[in-house]
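Novice: First, the structure itself, so that you have it in front of you.
The values are calculated or read from the model by the stated rules, or taken from the named source; none is laboratory data. Quick caveat: nothing in here was measured; it's all calculated off a predicted structure. Note that we place each Cβ from the backbone using ideal geometry, even for glycine, and neighbour counts take in every protein chain shown.
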Amino acid sequence: MAGSAADPPRRTRFVSSEPEEAREFISRLYGSHLRVGGAVSGRMRVGFDRLECGDVNLSAVRVSADLDFRMEGGEHILIGTVRAGRVDYARGRDSARYGLGDTYLGSLREVRWDARLYGPDLDVVGLPESLLHEVAGTTPDRSGVPWRPRSWEPLPGCAEQWRHAARYVRELFEQPHVGAEPLILGAAMRMLAATALATFPGDVPPGPSVADQHDAHPATLRRAIAFIEANPDVDLGVADIARAAAVTVRALRLAFRRHLDTTPLAYLRRVRLDKAREDLSRATAGDDRTVASVASRWGFADLSRFVERYRDEYGETPGQTLRR
């Protein structure tokens, strides 16, 4: 998976009033293409609170001065939300101004931009382009043309959904027990990428090709199911399952829809629910198994939703299974 969740989230905190120290730290975070100018006004004070998991990062950035940036985008896209202050952008002939509550794309591959930050308090999310392609079920164009959204600003009505998703993932990364649960971390990162794709949609890719239609046969389904059932404890995305079945993501999705009227990830969640039931059934007096620990182990971050789905599926609560 792009942006592997094998390692727990890492936290970096940085506060400095030394301009050179702040420039060095920011440049290290955002790559060699970044140039940080001097403070336009006021004494510079820079604060970062950054959480990283795999190749995904979420930063709370506070700068108590006005600052100039120049940056050329790399393999990560950056999505910013203004909590206070103002950000002025110039991207070639385009320019934009973002203030309180605005969400925007702050960086794309091979796009050079200049920005002036006026006492900014920002939430900034970095997502690897490879993760976006994985979640979308696409691959970068063979000509080398990268993914491109249709706008630097969110689709109308989608900004709040993005902010909610970013806040949810940050809070999830901050929970100590989550660091040992790669299934939860991996699902959270893919959810964040899917929300980014919905918030900043690009050109709609064509539907399944003739080859995809041909590959969506029962043998593909059997290979995918065998892989899922052999690896329910592994952090899997739809691209991993498609590779194991030797077809494209679109062919895989079509096979599941055509033959089972479901999706590959919905099938995976059902297998994991069965595994959670097995764990709860095997609990013995004196062990430390709880409904919450079992749910987390099998990738169910929301305990109330896990309980609801479990009851719908098995006709009893997980607590009843555990106590029996």
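Novice: Please indicate, with yes or no, whether at least one residue in region 135-150 is in a strand (DSSP E or B) and surrounded by 20 or more Cβ atoms within 10 Å (Cβ to Cβ).
Specialist: Scanning region 135-150 turns up no residue that is in a strand (DSSP E or B) and surrounded by 20 or more Cβ atoms within 10 Å (Cβ to Cβ).
Novice: Considering only region 71-100, how many residues are under 17 Å from F200 (Cα atoms) and among the polar types (S, T, N, Q)?
Specialist: Number of matching residues: 1.
Novice: Would you point out the residue of region 45-96, among those that are modelled with pLDDT under 95 and hydroxyl-bearing (S, T, Y), that is farthest from E21 (Cα to Cα)?
Specialist: Out of the qualifying residues, it is S95.
Novice: Is it true that L197 is touching a Leu at 6+ places or on another chain (Cβ under 9 Å), in a helix (DSSP H, G or I) and either farther than 19 Å from R305 by Cβ or modelled with pLDDT of 95 or more (or both)?
Specialist: In short, yes.
Novice: From the list R243, R250, which residue is modelled with pLDDT under 95, farther than 21 Å from V271 by Cα, among the basic types (K, R) and surrounded by fewer than 23 Cβ atoms within 10 Å (Cβ to Cβ)?
Specialist: R250
Novice: Right, something else. Kindly indicate whether R272 is part of a helix (DSSP H, G or I), touching a residue at least 12 places away in the same chain (Cβ under 8 Å), closer than 18 Å to V178 by Cα and among the basic types (K, R).
Specialist: yes
Matching residues to (1) touching a strand residue (DSSP E or B) at 6+ places or on another chain (Cβ under 7 Å); (2) part of a helix (DSSP H, G or I); (3) of a type in the set (V, I, T):
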site: S293; (1), (2), (3): no, yes, no
site: G299; (1), (2), (3): no, no, no
site: S304; (1), (2), (3): no, yes, no
site: T321; (1), (2), (3): no, yes, yes
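Novice: Which one is farthest from E129 (Cα to Cα), of the residues in region 45-84 that are under 19 Å from the mean Cα position of the chain (by Cα) and surrounded by fewer than 17 Cβ atoms within 10 Å (Cβ to Cβ)?
Specialist: D49
Novice: Being part of a strand (DSSP E or B) and either surrounded by fewer than 20 Cβ atoms within 10 Å (Cβ to Cβ) or small (G, A, S) (or both) is the filter here, so list the residues in region 123-134 that pass it.
Specialist: Correct list: D123, G126.
Novice: Select from region 173-193 the residues that are farther than 21 Å from P232 by Cβ and assigned to a helix (DSSP H, G or I) and write down the one among them that is modelled with the lowest pLDDT.
Specialist: P176
Novice: Next question, about the same structure. Could you count how many residues in region 90-106 are without any contact (Cβ under 8 Å) to a residue 60 or more places away in the chain and buried (at least 19 other Cβ atoms within 10 Å of the Cβ)? Even if it seems obvious, please write down each step before you answer.
Specialist: To start, the set of residues in region 90-106 that are without any contact (Cβ under 8 Å) to a residue 60 or more places away in the chain comprises 90, 92-102, 104, 106.
If we keep only those that are buried (at least 19 other Cβ atoms within 10 Å of the Cβ) as well, we get 98, 104, 106.
Result for region 90-106: 3.
Novice: With the structure loaded, tell me whether S281 is under 28 Å from Q175 (Cβ atoms), of a type in the set (S, T, Y), within 24 Å of the chain's Cα centre (by Cα) and not assigned by TED's automatic domain parsing to the domain that holds A136 or whether it fails that test.
Specialist: When the stated conditions are applied, S281 does not pass them.
Novice: When the residues of region 9-44 are filtered to those that are in contact with a helix residue (DSSP H, G or I) (Cβ under 8 Å, 6 or more places away or on another chain) and modelled with pLDDT of 85 or more, which remaining residue is nearest to L183 (Cα to Cα)?
Specialist: P9
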